[in-house]
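Inspection log for the structure reproduced underneath, given as structure tokens.
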Amino acid sequence: MAERGSGSLGGHDGRLIFVESNTTGSGMLALRKAAALGLDPLFVTADPQRYAGLAETGCEVLVGDTNSLGLLLQTLKKDVGPGRVAGVLTTSEFYLVIVAEIALALGLQGNPPVAMRACRDKTETRRLLKTAGLGQPRFAVVRETASTAALEAMAGVGLPCVVKPSDDTGSYEVRHCATAEEALAQIQRVLAIAKNVRGQATARTALIEEFVAAPEFSVESFTWRGQTTCVGVTEKTLTGFPHFVEFRHVFPAPLSPQATTALETTVRRALAATGFSWGAAHTELKLTAAGPVVVEINARLAGGMIPDLVLAALGVDLLEQQIKAAVGRAPDLTPTRSRRAGIQFIVSAKTGTLVSVDGVEAAREAPGVQGVVVTGRPGRPVAPPRSAYDRLGYVIVSGDSRRDVTAGLREAASRLRVIVEEEKP
């Protein structure tokens, strides 16, 4: 059910509801963009203090239980009014399912809830991709704490392997395991997590996957009226073992037309297999000698500031198109320029307490720099990154070639200093 309702074309006709958001990047920007488009955004959250910069957006905020569909619908009916909701969105992975359920209940634009559940639950994604005959790692699912079951599952996958939760995001508790002992310990950690960072009950399920040693990419796509447009491919660099935190992105990736076509074809088939039928998606893949292997499907706009890279490189504003689509406006995905852009994240090499990130002004003067943003707050605990939550900021660079972009990122990063008061032994 990809198309529901005609949506509103202006704030006077209805409200665009945002249910929570990611805590960095596109979340607060989405509110400002919605207002700039003449819409009337309303931000619904259980905890306004979670969002730095929320007050500065000028957006009306409604506090409510965002983990309960029934309570959310009651809140919207009471505080917004029947027929006054023109669209509903989230930029948070954790709220994709509940937003799809709201859209279905109110006859608004959105994906089917069953598709969002299939993308949120990585074990279900794996099952559907297997049925569709798509390339993916060998995998096994563990829901029991007994080591015998885990060892049997590992035997079918092999070592080294990757162990991760079936329903989390941001590389949280994703770990490369070289031995059975490492894998068993990681499985126990995953199964012990009862609630995620938003207070939602987890699936208490560990996914064991074959480690695929190949370059990683993501395809940024947009689906509208049954047609999926692949906007471009992002080259991804990870921090390395044992964790898989995204450290650098370059868009568009320097790939041959054949490789690009192979990735895009795989993504279209993968999205169809899950039932995804509307809006932006961010699909991660490894490109092996035998062809693309799907890592995971994120049924939303990319995080990691990738939409900003797409905008800088192609002039296509994916966040704006997602907002427009939510109220029934056709997206415009036509490139207006052909450049490259990249992002490098600021991370700590030490464990301790953040004192400061120095050299920001100098970094802003490096060639091609579009912006330097520090999100880490002095006084917070820091460590070498284990997940995306450990990143402390980023540098964005644009240029005419990948060489220009990566050189600019290296130069800007070399001018930054993360000052940490180290833990005493």
Item checked: Criterion: among the aliphatic types (A, V, I, L, M) and surrounded by fewer than 21 Cβ atoms within 10 Å (Cβ to Cβ) - qualifying residue of ALA302, ALA312, ALA349 -> ALA349
Next item on the list: Could you grab me the full set of residues in region 206-228 that are over 24 Å from GLU182 (Cα atoms), crowded, with 17+ Cβ neighbours inside 10 Å and not hydrophobic (A, V, I, L, M, F, W, C)?
Entry: SER218, GLU220, SER221, THR223, THR228
Next item on the list: Those residues that are among the small types (Gly, Ala, Ser) and buried (at least 21 other Cβ atoms within 10 Å of the Cβ), I need them from region 233-264; list them, please.
Entry: ALA253
Item checked: Whichever residue in region 24-77 is of a type outside the set (D, E, K, R) and in contact with a Lys or Arg (Cβ under 6 Å, 6 or more places away or on another chain) and, among such residues, is surrounded by the most Cβ atoms within 10 Å (Cβ to Cβ) -> LEU42
Next item on the list: Please work out which residue is farthest from PRO367 (Cα to Cα), limiting yourself to region 386-425 and to residues that are in a helix (DSSP H, G or I) and polar (S, T, N, Q).
Entry: SER414
Next item on the list: Please go through region 399-425 and pick out each residue that is at pLDDT 95 or above and among the basic types (Lys, Arg).
Entry: ARG402, ARG403, ARG410, ARG415, ARG417
Checklist line | Filter result (surrounded by fewer than 24 Cβ atoms within 10 Å (Cβ to Cβ) and of a type in the set (A, V, I, L, M, F, W, C)) within region 103-115 | finding: LEU104, ALA105, LEU106, VAL114
Next item on the list: Among the numbered conditions (1) in the same structural domain as GLU264 (by TED's automatic domain parsing); (2) without any contact (Cβ under 8 Å) to a residue 40 or more places away in the chain; (3) basic (Lys, Arg), tell me where ARG225 comes up short.
Entry: (2)
Next item on the list: Any chance you could count how many residues in region 26-42 are without any contact (Cβ under 8 Å) to a residue 60 or more places away in the chain and not in a helix (DSSP H, G or I)?
Entry: 4
Note to self: I need the full set of residues from region 348-372 which are part of a helix (DSSP H, G or I) and of a type in the set (D, E, K, R), in order please.
What the structure shows: GLU361, ARG364
Margin query: Looking at region 265-285 only, could you name the residues that are surrounded by fewer than 20 Cβ atoms within 10 Å (Cβ to Cβ) and not in a loop (DSSP other than H, G, I, E, B)?
Written below: THR265, ARG268, ARG269, ALA272, GLU284
Next item on the list: Show the residue pairs that are 6+ apart or on different chains and have beta-carbon atoms under 6 Å apart, the first residue being within region 269-295 and outside the structural domain of LEU319 (by TED's automatic domain parsing), the second being outside any strand (DSSP E or B) and buried (at least 22 other Cβ atoms within 10 Å of the Cβ).
Entry: none
Next item on the list: Would you check which residues across region 218-252 are part of a strand (DSSP E or B) and hydroxyl-bearing (Ser, Thr, Tyr) and list them?
Entry: SER218, SER221, THR223, THR228, THR229, THR234, THR237
Note to self: Here are the criteria: (1) at pLDDT 95 or above; (2) in the same structural domain as ALA201 (by TED's automatic domain parsing). Tell me which single one ALA149 does not satisfy.
What the structure shows: (1)
Checklist line | Some residue of region 95-111 being part of a loop (DSSP other than H, G, I, E, B) and of a type in the set (D, E, K, R) | finding: no
Next item on the list: Kindly establish whether ALA272 is under 21 Å from ALA100 (Cβ atoms) and hydrophobic (A, V, I, L, M, F, W, C).
Entry: yes
Notebook entry, point to check: Taking GLU124, is it of a type outside the set (A, V, I, L, M, F, W, C), closer than 29 Å to ALA35 by Cβ and not assigned by TED's automatic domain parsing to the domain that holds VAL294?
Noted result: no
Notebook entry, point to check: Filter region 358-392 for residues that are over 18 Å from GLU421 (Cα atoms) and within 21 Å of the chain's Cα centre (by Cα); which is surrounded by the most Cβ atoms within 10 Å (Cβ to Cβ)?
Noted result: VAL372
Margin query: On the basis of being part of a strand (DSSP E or B) and either in the same structural domain as ARG175 (by TED's automatic domain parsing) or at pLDDT 95 or above (or both), does LYS324 make the cut?
Written below: no
Notebook entry, point to check: Can you tell which of VAL316, VAL310, VAL369 is touching a helix residue (DSSP H, G or I) at 6+ places or on another chain (Cβ under 6 Å), in contact (Cβ under 8 Å) with a residue 60 or more places away in the chain and within 14 Å of VAL405 (Cα to Cα)?
Noted result: VAL310
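The values are calculated or read from the model by the stated rules, or taken from the named source; none is laboratory data. This one's a predicted model, so the numbers in the text were calculated from it and none came from an experiment. Cβ: placed from backbone, ideal geometry, glycine included. Neighbour counts: every protein chain shown.
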